[in-house]
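Accompanying notes for the structure given below.
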Amino acid sequence: MAFGKKAAPQLDPVALAQAQRAREQAEVQVAFQKGITALRDFIAPSSIEFSASHFQIGTRIARTYYVYGFPRQVFTGWLSSMINMDEVMDLSMFIYPVESQVVLENLRKKVSQIEAGIQIDSEKGRVRDPGKQAMIQDAEEMRDKLQVGEERFFRFGLYFTIFGSSMDELEFIAHKVESVLGQQLVYSKPATSQQEQGLNSTVPQLTDQLAIKRNFSTGALSTTFPFTSADLTQDSGILYGINMHNSGLVIFDRFSLENGNAVVFAKSGAGKSFTVKLEALRSMMYGTEIFIIDPENEYQRMAEAVGGAYVRLSLSSPTRINPFDLPKVVDSEESDNALRSNLITLHGLLRLMMGGAQSQMQAGAAGGVSMPALAPSEEADLDAALIETYAKAGITNDPLTHNSRPPTINDLYDTLLHMGGTGPQLAQRLRKYTTGTFAGIFSQQSNIDINNPMVVFNVRDLEDELRPVAMYIVLNYIWNKTKSDQKKRMLIVDEAWQLMKYEDSANFLFSLAKRARKYNLGITTITQDVEDFMGSRMGRAIVANASMQILLKQSSSAVDVLSDVFKLTSEEKKRLSQFPVGQGLFFAGQSHVHIQITASPTETGLITTNPDQVQAMEAAGDMGGVQPQGTIDLQNRLMPGL
């Protein structure tokens with residue numbers, strides 16, 4: 001048998017070719033997968049370059065800071081000033097709970113050390129250190145609260161990264177942020193030589209690579225609640241002013257709230273009338289009709305400039321308003337109750353006219369409780385006389401009779417004079433409005449039929465005793481017109497405290513505030529006498545029924561009252577008496593912001609009541625570029641570019 005080398009196996013050329021093609025396909029597939037764009041490719045920057053004091057991420061320059069110092073006390077919402085800055089910023093918080101037992105033991109040791117130090121200082125005759133006393137006080141207070149479970153203890157880290165397009169811009173933003181924090185005794189530092197760790201700590205990946213923490217109790221930690229953005233901007237509405245928290249615009253539609261009512265509180269000269277007139281002027285651009293009760297002749301220039309109607313009420317004026325007028329309502333349910341509703345309104349009015357206002361004023365001045373102007377028997381006789389007076393004019397509860405010519409106070413006087421009971425005595429008390437000193441203005445048929453987008457009722461020239469009566473009658477006239485055609489309207493009652501002094505007029509104003517929403521009416525109540533207004537039960541109820549409130553600068557005595565009503569923070573309470581003219585707090589529903597009321601030069605020329613500004617414009621012949629007569633294009637002339 002012959003032995004030799006074994007022959008090599010012959011490879012199949014076809015198999016070799018297939019294996020080669022498989023390898024090539026695998027390589028192509030790997031290369032293809034590498035070229036597929038993943039999600040991380042979309043969010044990843046083109047480059048990141050770190051240096052000791054900053055880092056560059058793509059084309060932006062950034063820097064991370066950590067907060068290392070806090071004051072002994074911090075107020076609620078102290079972080080909102082930083083969060084609402086109009087700058088690009090990433091902010092992260094890390095909160096680490098600590099076992100209470102561990103903290104109690106550490107506090108006990110710390111208190112012992114401090115007390116020993118104080119004793120040594122005393123023995124050596126050193127000056128008392130107030131800082132050590134404060135530390136003991138804080139530590140003991142914390143021990144008490146931890147022991148009963150009132151507080152817990154945490155370690156808290158606060159980091160933020162700011163961004164700029166250039167180094168100069170970055171330094172400007174850094175100075176701005178550090179200044180805002182420094183004003184509140186909160187101190188920060190850049191994470192020098194730790195910018196990469198700082199970036200990783202502020203991106204949303206839950207890693208605290210800086211690990212710079214401070215001790216916080218539950219109460220202190222609650223003040224860092226981050227969701228305090230003070231943005232108050234809607235897609236529709238009017239511009240009220242500038243949001244001082246973030247320099248944004250406060251654009252709002254008051255009719256989008258539960259109701260369209262508003263209250264404005266401010267001391268004299270703080271800008272309350274300016275604010276309301278600005279709102280009225282801008283609301284007209286969107287088709288809202290405006291009614292104004294003007295006790296100080298502040299709205300005439302604005303009304304004439306926009307082609308509004310200006311109704312001057314005085315004993316020498318030819319204007320007449322009959323309080324016995326009935327509304328021409330379309331709603332069948334309202335028309336059935338129209339007479340009854342007006343009778344109830346007339347009861348309140350006649351109580352004012354027959355001495356109710358005077359008696360309530362005297363009682364208020366004496367610090368007592370006002371007595372009803374009319375006895376029960378007089379109320380009954382007056383009610384019967386009112387019904388009979390309407391009946392003589394052919395008006396009954398039947399809505400078909402309501403188009404008849406209404407009676408007047410003269411007719412009521414005649415009815416009272418010739419009826420039994422207390423009628424003649426009531427007639428004598430009413431005579432000054434029929435043939436006496438106040439005759440004419442409210443004892444004749446109405447001679448005004450106003451159809452104008454802005455109507456101002458001026459009551460400045462009325463005597464003090466007649467003014468609350470006039471405001472009551474004008475409110476009733478406006479209310480009747482509101483019920484007759486339910487357009488979007490605003491009713492502005494300036495110096496509303498004059499109505500709140502009297503129970504009947506206060507009740508009437510409150511009833512309007514409650515029912516206004518149904519008729520697409522928003523009532524704005526303005527007052528500078530906060531204590532009297534809020535001291536009234538009806539005044540507090542009117543505030544509660546207003547979904548929008550504006551608080552401008554207040555007197556020191558009014559701050560405590562408003563702080564209690566509106567649940568202001570200690571910082572808001574402090575600022576409320578220090579606001580410059582035109583700044584205040586703007587409440588809309590559950591949101592509120594610090595606002596700066598801003599007007600264009602044209603608007604300022606129409607609505608300012610500053611005597612120096614008015615005289616300067618009159619001397620220069622420039623009233624904001626608006627002629628005092630005729631209708632103008634409001635949207636183009638008042639707010640160009642918006």
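Only the coordinates and a few stated rules stand behind these numbers; no lab work does. Keep in mind it's a predicted model, so treat the numbers as computed, not measured. Glycine gets a Cβ as well: all are built from the backbone with ideal geometry, and neighbour counts include every protein chain shown.
Suppose we look only past 16 Å in the calculated P(r) of region 82-162. What percent of the Cα-Cα pairs does that tail hold?
Details: 2116 of 3240 pairs.
So the portion of pairs separated by more than 16 Å is 65 percent.
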Inter-label distance for Gln137 and Ile48, nm, one decimal - labels placed 7 Å from Cα along Cα-to-Cβ: 4.7
From the Cα centre of region 434-507 to that of region 182-202, the distance in Å is 62
Taking the Cα centre of the chain as origin and charging only Cβ (+1 Lys, Arg; -1 Asp, Glu), how large is the dipole, in debye to the nearest 20? 1520
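Relative contact order of the chain: what whole-number percent is it, with Cα pairs under 8 angstrom and at least 6 residues apart?
Numbers: 1026 pairs, mean separation 109.9, N = 642.
It rounds to 17 percent for the chain.
Can you give the Rg to Rh ratio of region 187-272, both from alpha-carbon atoms, with Rh computed by the Kirkwood formula? Present the calculation step by step, with values, prior to reporting the outcome.
Values: Rg = 21.0 Å, Rh = 17.9 Å.
Ratio value, two decimals: 1.17.
If I take every Cα pair under 8 Å that is 6 or more residues apart in region 222-290, average their sequence separation and divide by the length, what percent do I get for the relative contact order? Don't skip to the answer; put the middle values down first.
Values: 58 pairs, mean separation 15.4, N = 69.
This gives 22 percent for region 222-290.
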Taking region 19-140 as the region of interest, what is the percent of Cα-Cα pairs per 10 angstrom bin, listed from the shortest bin to the one with the maximum distance? 8, 18, 19, 17, 15, 10, 6, 4, 2, 0
Have a look at Gln498, Gln528, Phe510 and report the one farthest towards the positive end of the charge dipole of region 497-587, computed about the Cα centre with Cβ charges (Lys/Arg +1, Asp/Glu -1). Phe510
For Leu16, Leu430, Leu79, what's the fewest-to-most ordering of other Cβ within 10 Å of each Cβ? Leu16, Leu79, Leu430
Stretch Ser165-Arg21 to full length: gain in nm at 0.36 nm per residue minus the Cα-Cα span? 46.7 nm
For region 153-197, alpha-carbon Rg and Dmax in angstrom: 12.3, 41
In nm, give the distance between the simple-model label positions of Arg340 and Val98, each being 7 Å from the Cα along the Cα-to-Cβ direction. 7.0
Vicinal HN-Hα couplings computed from phi for region 72-86 (Karplus, 6.51 cos²θ - 1.76 cosθ + 1.60; Hz; Gly/Pro x): 5, 10, 10, 9, 4, x, 5, 7, 5, 4, 7, 5, 8, 5, 7
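Tell me, in nm to one decimal, what length is gained between Lys574 and Glu465 on full extension, where the rule is 0.36 nm per residue of separation less the Cα-Cα distance?
Values: separation 109, 0.36 × 109 = 39.24 nm, distance 3.84 nm.
Between Lys574 and Glu465, full extension yields an extra 35.4 nm.
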Quick note, region 384-476: a/c under 1.5 would make it rounded; otherwise a/b > b/c is prolate and the rest oblate (a ≥ b ≥ c, C-alpha gyration tensor); here it is oblate
Scalar couplings 3J(HN,Hα) for region 148-160 by Karplus 6.51 cos²θ - 1.76 cosθ + 1.60 (θ = phi - 60°), nearest whole Hz, x for Gly and Pro, are 9, x, 6, 10, 10, 10, 9, 9, 10, x, 10, 10, 8
Overall Cα dimensions of the chain, principal axis frame, Å, largest first: 157, 93, 62
If you stretched the chain out fully between Glu115 and Asn200, how much longer would it get, using 0.36 nm times the residue separation minus the C-alpha to C-alpha distance? 26.4 nm
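Region 80-145: which trypsin sites (Lys or Arg not before Pro) are DSSP loop and have at most 12 other beta-carbon atoms within 10 angstrom? Working shown, then result.
Details: sites: Arg108, Lys109, Lys110, Lys124, Arg126, Arg128, Lys132, Arg143, Lys145; in loops: Lys124, Arg126, Arg128.
Listed in order of number, the matching sites are Lys124, Arg126, Arg128.
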Once Lys and Arg get +1 and Asp and Glu get -1 on their Cβ, which of Leu416, Phe153, Ile448 lies farthest toward the positive end of the dipole of the chain? Phe153
Percent of alpha-carbon pairs separated by more than 13 Å within region 470-522: 56
Under a 5 Å amide H to amide H cut-off, with H placed in plane at 1.01 Å, what residues pair with Phe163 once short-range neighbours are removed? Val88
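Taking the mean number of other Cβ atoms within 10 Å as a proxy for protection, how do you rank 485-496, 112-123 from highest to lowest? Kindly include the intermediate steps, with their values, before the conclusion.
Details: 485-496: 21.2, 112-123: 12.0.
By packing density, highest mean first, the sequence is 485-496, 112-123.
Quote the Stokes-Einstein diffusion coefficient, in whole µm² s⁻¹, for region 215-314, based on the Kirkwood radius over alpha carbon pairs, a temperature of 20 °C and a viscosity of 1.002 mPa s. Don't skip to the end; give the middle numbers.
Numbers: Rh = 16.8 Å.
Translational diffusion coefficient: 128 µm²/s.
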In square nanometres, what is one fourth of the surface area of the convex hull spanned by the alpha carbons of region 442-591? 10.3
Can you give the FRET efficiency to the nearest 0.05 for Val30 and Gln209, using r as the Cβ-Cβ distance and R₀ = 51 Å? 0.90
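Scaled to the compact-protein estimate 2.2 N^0.38 Å, what is the alpha-carbon radius of gyration of region 487-563, rounded to two decimal places? Let's see the in-between values first.
On the way: Rg = 12.4 Å, N = 77, 2.2 N^0.38 = 11.5 Å.
Ratio of Cα Rg to 2.2 N^0.38 Å: 1.08.
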Gln73-Thr59 pseudo-label distance in nm [points 7 Å out on the Cα-to-Cβ vector]: 5.0
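Could you compute the FRET efficiency for Ser122 and Asp144, with r as their C-beta to C-beta distance and R0 at 35 Å, rounded to 0.05?
On the way: r = 25 Å, r/R0 = 0.72.
So the FRET efficiency works out to roughly 0.90.
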